[in-house]
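Chemist: Quick one: the structure is below, and I'll ask about it shortly.
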Amino acid sequence: MRTEMNKLNDGIVSERKSLAQLLLEEKPTARTKGGKDHLFDTATLRNLSEKLPKNLHDKLKLPILFFFDNHVPDSCYLNDAHALQALQTLEEISRLRTMQQGRLWVGRSIAYTIMKKYPTVVQIVMG
């Protein structure tokens, strides 16, 4: 089963870059665990740059990663405080939600909805 999970995660970016760094690149890309290039949608990056405060541009690493845990079948978690701040600024996650023990749990449907709304800048990691 671990081998299958690793195959599913081959497309996950292994070296995340800041929003600020990606905005400087002519063709914003990052290397995946499988060794291929992950191309970021430039329109989505520009949208984030316009909606997020400048002080978050250097701190926010992309893609934002949600992690599935096999022990919690209907939820996934976010473990990046800057990603949480960005998603709260974008009003995708309520400001009343806080991380507990370094994680913010959300329903899988929420993670998939966010991923569809912000193409290429959100990924889901299978656990």
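The values are calculated or read from the model by the stated rules, or taken from the named source; none is laboratory data. Predicted model, so just to flag it, every value in this text is computed and none were measured. As a convention, Cβ positions derive from the backbone with ideal geometry for all residues, glycine included, and neighbour counts pool all protein chains shown. Just the protein is used for accessible areas: all its heavy atoms, side chains included, with ligands, DNA and RNA removed. Shrake-Rupley method; radii C 1.70, N 1.55, O 1.52, S 1.80 Å.
Chemist: If LYS116 satisfies all but one of (1) out of contact with any Phe, Trp or Tyr (no Cβ under 8 Å at 6 or more places or on another chain); (2) over 22 Å from GLU50 (Cβ atoms); (3) open to solvent by 60 Å² or more (accessible area, probe 1.4 Å), what's the number of the condition it fails?
Modeler: It fails just one condition, (2).
Chemist: Still on this structure, please answer the following. Across the stretch 38-66, which residue is farthest from the chain's Cα centre (by Cα) among those that are surrounded by 18 or more Cβ atoms within 10 Å (Cβ to Cβ) and part of a strand (DSSP E or B)?
Modeler: Top of the filtered list is HIS38.
Chemist: Looking only at the stretch 1-19, count every residue that is loosely packed, with under 15 Cβ neighbours inside 10 Å and either modelled with pLDDT under 90 or assigned to a helix (DSSP H, G or I) (or both) and tell me the total.
Modeler: 10
Chemist: If you don't mind, another one. Considering only residues that are modelled with pLDDT of 95 or more, more than 21 Å from VAL13 (Cβ to Cβ) and not hydroxyl-bearing (Ser, Thr, Tyr), which ones fall in the stretch 47-92?
Modeler: The answer is GLU50, LYS51, PRO53, LYS54, ASN55, GLN88, GLU91.
Chemist: Taking interchain pairs and intrachain pairs at least six residues apart, which have beta carbon atoms under 9 angstrom, with the first residue in the stretch 101-127 and within 23 Å of THR32 (Cα to Cα) and modelled with pLDDT of 95 or more and the second among the polar types (S, T, N, Q) and open to solvent by 40 Å² or more (accessible area, probe 1.4 Å)?
Modeler: From residues that are within 23 Å of THR32 (Cα to Cα) and modelled with pLDDT of 95 or more, the pairs are TYR118/ASN47.
Chemist: Does SER109 count as of a type in the set (Ser, Thr, Tyr), in contact with a helix residue (DSSP H, G or I) (Cβ under 9 Å, 6 or more places away or on another chain), open to solvent by 20 Å² or more (accessible area, probe 1.4 Å) and not in a strand (DSSP E or B)? Let's see the steps before the verdict.
Modeler: Values: of a type in the set (Ser, Thr, Tyr): yes; in contact with a helix residue (DSSP H, G or I) (Cβ under 9 Å, 6 or more places away or on another chain): no; open to solvent by 20 Å² or more (accessible area, probe 1.4 Å): yes; not in a strand (DSSP E or B): yes.
Criteria not met by SER109.
Chemist: Only residues that are in contact with a Gly (Cβ under 7 Å, 6 or more places away or on another chain) and surrounded by fewer than 16 Cβ atoms within 10 Å (Cβ to Cβ): list them for the stretch 20-37, please.
Modeler: Listed by number, the list holds a single entry, GLY34.
Chemist: From the residues in the stretch 74-96 that are in contact (Cβ under 8 Å) with a residue 12 or more places away in the chain and either over 18 Å from LYS61 (Cα atoms) or part of a strand (DSSP E or B) (or both), which one is nearest to the chain's Cα centre (by Cα)?
Modeler: Here the answer is LEU78.
Chemist: Are any of the residues in the stretch 19-26 under 13 Å from the mean Cα position of the chain (by Cα) and in contact (Cβ under 8 Å) with a residue 24 or more places away in the chain?
Modeler: Our first condition is that a residue be under 13 Å from the mean Cα position of the chain (by Cα); within the stretch 19-26, this holds for 19.
Filter once more, so that each one left must be in contact (Cβ under 8 Å) with a residue 24 or more places away in the chain: 19.
So far as the stretch 19-26 goes, yes, one or more of its residues are under 13 Å from the mean Cα position of the chain (by Cα) and in contact (Cβ under 8 Å) with a residue 24 or more places away in the chain.
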